[in-house]
1. Among the residues in the stretch 118-125, are any more than 15 Å from the chain's Cα centre (by Cα) and part of a helix (DSSP H, G or I)?
2. Just name the residue that is farthest from LEU32 (Cα to Cα) out of those in the stretch 66-85 that are surrounded by 14 or more Cβ atoms within 10 Å (Cβ to Cβ) and in contact with a Gly (Cβ under 9 Å, 6 or more places away or on another chain).
3. Quick one: in the stretch 91-108, which of the residues that are surrounded by fewer than 12 Cβ atoms within 10 Å (Cβ to Cβ) and among the acidic types (Asp, Glu) is nearest to LEU72 (Cα to Cα)?
4. For the subset of the stretch 44-60 comprising residues that are within 23 Å of ASP31 (Cβ to Cβ) and exposed (fewer than 15 other Cβ atoms within 10 Å of the Cβ), which member is modelled with the lowest pLDDT?
5. If you check ARG111, ARG88, ARG129, which single one turns out to be part of a loop (DSSP other than H, G, I, E, B) and surrounded by fewer than 12 Cβ atoms within 10 Å (Cβ to Cβ)?
6. Checking the structure you have, find out if any residue of the stretch 24-40 is in contact with a strand residue (DSSP E or B) (Cβ under 9 Å, 6 or more places away or on another chain), in a helix (DSSP H, G or I) and in contact (Cβ under 8 Å) with a residue 12 or more places away in the chain.
Amino acid sequence: MSGLDPDELVRLRLALARITRGLDRRSRGSDLTRTQVSVLATVVVRGPLGMGELATLEGLNPTMLSRLAGKLEAAGLLVRDTDPVDGRAVRVAATEAGIAEHTRQREERARLLAQHVDGLPDGHAEPLRAALPALEALAGSLRDPR
């Protein structure tokens, strides 16, 4: 068993979803969808990637990823080119504008989250800090496609 009862699992899922939605709603100045933000972040953080690897990392089918990459390319945030090792494969890389947008969003969300954590009642920040390793492990287990 998970160590959490079904009600606690529901509370965890709802709390994580509400935090994500709250950050999304309060972040300004981006017309990007959550999935586009995720794809851009993965490319910025990992560097140029093959479309197949990116599809696997993001858990998207290649057709959907191709559409998303096209929209991000049209917005000037990504560029697609031929893989130098395998001329049949396509790679994507972030542009300077894509890196700047990723950085802006990351900083804005960090500021927003810090404001809300700082506004919590005394004693609530430390349990959040203590929970970070477990939350990171959970996120990693859900993200790993293998």
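The values are calculated or read from the model by the stated rules, or taken from the named source; none is laboratory data. Since the structure is predicted, the reported quantities are computational estimates derived from the model, not experimental observations. Every residue, glycine among them, receives a Cβ derived from its backbone with ideal geometry; neighbour counts consider all protein chains shown.
1. Taking the stretch 118-125 as the starting set, the residues that turn out to be more than 15 Å from the chain's Cα centre (by Cα) are 118-125.
Among the residues that remain, those that are also part of a helix (DSSP H, G or I) are: 118, 125.
Scanning the stretch 118-125 turns up at least one residue that is more than 15 Å from the chain's Cα centre (by Cα) and part of a helix (DSSP H, G or I).
2. Residues of the stretch 66-85 surrounded by 14 or more Cβ atoms within 10 Å (Cβ to Cβ): 66, 68-69, 71-73, 75, 77-80, 83.
Pick out the ones that are also in contact with a Gly (Cβ under 9 Å, 6 or more places away or on another chain) and you get 72, 75, 77-80, 83.
Values: LEU72: 9, ALA75: 10, LEU77: 11, LEU78: 13, VAL79: 16, ARG80: 18, ASP83: 26 Å.
Checking each candidate, the answer is ASP83.
3. Taking the stretch 91-108 first, the residues surrounded by fewer than 12 Cβ atoms within 10 Å (Cβ to Cβ) are 96, 103, 107.
Cutting the leftovers down to among the acidic types (Asp, Glu) gives us 96, 107.
Values: GLU96: 13, GLU107: 20 Å.
That would be GLU96.
4. Ranking the candidates gives GLY59 first.
5. Working: ARG111 fails: part of a loop (DSSP other than H, G, I, E, B); ARG129 fails: part of a loop (DSSP other than H, G, I, E, B).
Step by step, each of ARG111, ARG88, ARG129 is checked, and only ARG88 is part of a loop (DSSP other than H, G, I, E, B) and surrounded by fewer than 12 Cβ atoms within 10 Å (Cβ to Cβ).
6. Residues of the stretch 24-40 in contact with a strand residue (DSSP E or B) (Cβ under 9 Å, 6 or more places away or on another chain): 39-40.
Keeping just the survivors that are in a helix (DSSP H, G or I) gives 39-40.
Then keep just the ones that are in contact (Cβ under 8 Å) with a residue 12 or more places away in the chain; that gives 39-40.
Yes, the stretch 24-40 has at least one match.
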